[in-house]
Amino acid sequence: MKIEDIKNLKIGVIGGGYAGATAGLALAQIGANVKVYEQAHASGEVGAGIGLRPASVKLFKKLGIFPAIEAVTSPSDYFEILDTKGNRINLEEWPHLSEGDEKHNTRMIHRRDFIDALTSQLPEGVLQYGYRAEEITDNGDSATVKFTNGEVETFDILVGADGIKSKVRTLWSDSQPVMQGAHAYRAVIDGSQGEGLLVDDNLRLYLEAETGRMIYFLPLRHRGENGQISFDITVPHDDLTWNPDVSKEEVLEMLKNFDERLIKIVEKLDWEQVNQRAAADIDPQDKWNSDAVVLIGDAAHAMLHHQGQGANSAVIDAGVLADCIVEADTVAEALALYTSKRKEPVQELQRISRESWNAESAGETAFPEKDKIDY
Ligand SMILES: Cc1cc2nc3c(=O)[nH]c(=O)nc-3n(C[C@H](O)[C@H](O)[C@H](O)COP(=O)(O)OP(=O)(O)OC[C@H]3O[C@@H](n4cnc5c(N)ncnc54)[C@H](O)[C@@H]3O)c2cc1C
């Protein structure tokens with residue numbers, strides 16, 4: 001679209017998580033009149049870390065916000081999968097880490113630092129807290145949103161970035177989160193509590209292949225005097241409540257075959273501070289857009305966390321959406337183009353993530369998606 005036309009576009013993004021905040025940045029940069037509406041009154045992310053993959057890092061460089069990301073991250077070279085006792089099953093460099101002479105290391109980041117880094121780069125007034133979308137109408141060539149605070153707005157493009165329980169998605173889908181019979185117990189701990197296992201900036205997965213129990217050990221060495229560790233225990237569990245309440249004793253029993261240093265870390269965890277969450281995703285969605293409404297991030301494709309690709313996919317969606325608006329002649333074409341570019345690769349990630357890890361898959365490759373997805 002021509003720059004004058006983009007400037008006249010009024011775009012509303014529902015949800016100020018990673019997808020919504022990145023969309024706000026990318027759409028403001030192409031010149032659109034964009035606002036991001038977040039239901040919360042301030043940013044609120046759980047205490048846990050994630051790895052920003054090379055494709056996300058490249059996007060942040062393109063958007064000019066990489067310095068803000070770099071300041072709160074550590075560069076990582078590889079992902080290692082080990083058995084419960086720390087014997088290597090696999091070690092692989094992050095795919096697409098190098099491009100010619102340039103490196104786009106995966107960056108380890110605390111979730112709160114990530115959302116703060118993104119929102120701090122948004123132009124003044126783009127992010128509106130305290131706006132919960134309550135009623136949405138697709139008018140064909142526009143969409144109208146009624147917020148719980150009583151305000152009503154009509155947009156040329158409405159972007160649903162409102163997560164796994166998306167309200168925007170209900171325009172055309174009654175899909176609900178699918179509980180996958182597993183829990184994640186997550187905490188960020190001081191490096192001094194790491195039993196000597198915090199040695200570099202690389203992600204490690206300790207896997208009990210027979211039971212599917214695992215620990216993701218994600219270093220955040222740039223944080224605090226001793227560095228920090230994002231410690232994520234993921235286990236199959238038949239309690240399907242969204243925020244389960246499982247005791248430390250039960251978890252220790254499940255992890256009894258793991259290296260004693262890992263068990264010691266769990267013993268020392270302040271269990272009150274551990275975030276417990278049931279693992280859920282959504283089924284692949286047929287429809288991602290109408291002529292005026294489009295889904296990005298978890299709203300379109302919530303996936304399990306085993307490949308560490310949910311947040312990464314969310315930010316890439318936002319970048320691709322902005323590119324498609326520039327490339328296409330009309331809004332309807334742009335939204336269809338976005339879906340055509342993103343749906344297939346991301347649904348492949350959703351599928352692979354559902355398979356989780358087992359002895360065979362972990363032994364084959366640390367990145368089952370790498371030959372199928374061309375970021
Ligand atoms: C245990 C676990 C570990 C994970 N680990 C990783 C990892 O290592 N790497 C990775 O890439 N991903 C990981 N993920 C996935 C990642 O957290 C999600 O994919 C990511 O948060 C999706 O971002 P989003 O912006 O699409 O949605 P969300 O982060 O859910 O944000 C949606 C936002 O919309 C707001 N909202 C919702 N409804 C409304 C409404 N009606 N009106 C206004 N606002 C609304 C919400 O308040 C929220 O701020 C993990 C997830 C889990 C559960």
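The values are calculated or read from the model by the stated rules, or taken from the named source; none is laboratory data. Since the model is a prediction, treat every value here as computed from it, not as a measurement. Because the Cβ atoms are built from the backbone with ideal geometry, glycine has one as well, and the counts that use them run over all protein chains shown. Surface accessibility is based on the protein's heavy atoms, side chains included, excluding ligands, DNA and RNA. Shrake-Rupley method; radii C 1.70, N 1.55, O 1.52, S 1.80 Å.
For the reader, a short list of remarks on this structure follows.
- Count - residues of the stretch 263-297 that are crowded, with 20+ Cβ neighbours inside 10 Å and assigned to a helix (DSSP H, G or I): 2
- Checklist (1) in contact with an Asp or Glu (Cβ under 9 Å, 6 or more places away or on another chain); (2) surrounded by fewer than 17 Cβ atoms within 10 Å (Cβ to Cβ); (3) in contact (Cβ under 8 Å) with a residue 40 or more places away in the chain applied to Thr144, failing item: (3)
- Check on Arg112, surrounded by fewer than 21 Cβ atoms within 10 Å (Cβ to Cβ), away from the ligand (no atom under 11 Å from the Cβ), free of Cβ contacts under 8 Å to residues at least 12 places away in the same chain and within 30 Å of Arg213 (Cβ to Cβ): no
- Some residue of the stretch 340-349 being in contact (Cβ under 8 Å) with a residue 40 or more places away in the chain and open to solvent by 70 Å² or more (accessible area, probe 1.4 Å): no
- Residues that are within 12 Å of the ligand (Cβ to nearest atom) and polar (S, T, N, Q) within the stretch 127-151 comprise Gln128, Thr148, Asn149, listed in sequence order.
- Test: residue in the stretch 298-309 that is surrounded by 19 or more Cβ atoms within 10 Å (Cβ to Cβ) and away from the ligand (no atom under 15 Å from the Cβ): no
- The stretch 149-164 - residue that is part of a strand (DSSP E or B) and among the β-branched types (Val, Ile, Thr) and, of those, surrounded by the fewest Cβ atoms within 10 Å (Cβ to Cβ): Val152
- Given (1) in a loop (DSSP other than H, G, I, E, B); (2) out of contact with any Asp or Glu (no Cβ under 9 Å at 6 or more places or on another chain), number of the condition Ala55 does not satisfy: (1)
- Considering only residues in the stretch 310-327 that are among the aliphatic types (A, V, I, L, M) and surrounded by fewer than 22 Cβ atoms within 10 Å (Cβ to Cβ), the one that is nearest to the ligand (Cβ to nearest atom) turns out to be Val320.
- Subset of the stretch 228-244 [open to solvent by less than 50 Å² (accessible area, probe 1.4 Å) and either among the aliphatic types (A, V, I, L, M) or not in a loop (DSSP other than H, G, I, E, B) (or both)]: Gln228, Ile229, Ser230, Phe231, Asp232, Ile233, Thr234, Val235
- Hey, Thr154 within 14 Å of the ligand (Cβ to nearest atom) and on the phi < 0 side of the Ramachandran plot or not: no
- In the set Glu124, Glu195, Glu135, Glu210, only one residue is touching a Lys or Arg at 6+ places or on another chain (Cβ under 6 Å), surrounded by fewer than 21 Cβ atoms within 10 Å (Cβ to Cβ) and either of a type in the set (A, V, I, L, M, F, W, C) or in a loop (DSSP other than H, G, I, E, B) (or both); that residue is Glu195.
- Residue count, the stretch 14-35 (criterion: more than 9 Å from the ligand (Cβ to nearest atom) and part of a strand (DSSP E or B)): 3
- With respect to the conditions (1) of a type in the set (A, V, I, L, M, F, W, C); (2) over 17 Å from the mean Cα position of the chain (by Cα); (3) modelled with pLDDT of 95 or more, Leu97 lacks only one, and its number is (3).
- Subset of the stretch 157-175 [of a type outside the set (Lys, Arg) and within 14 Å of the ligand (Cβ to nearest atom)]: Leu158, Val159, Gly160, Ala161, Asp162, Gly163, Ile164, Ser166, Val168, Thr170, Leu171
- Of all residues in the stretch 213-227, those that are open to solvent by less than 50 Å² (accessible area, probe 1.4 Å) and within 15 Å of the ligand (Cβ to nearest atom) total 7.
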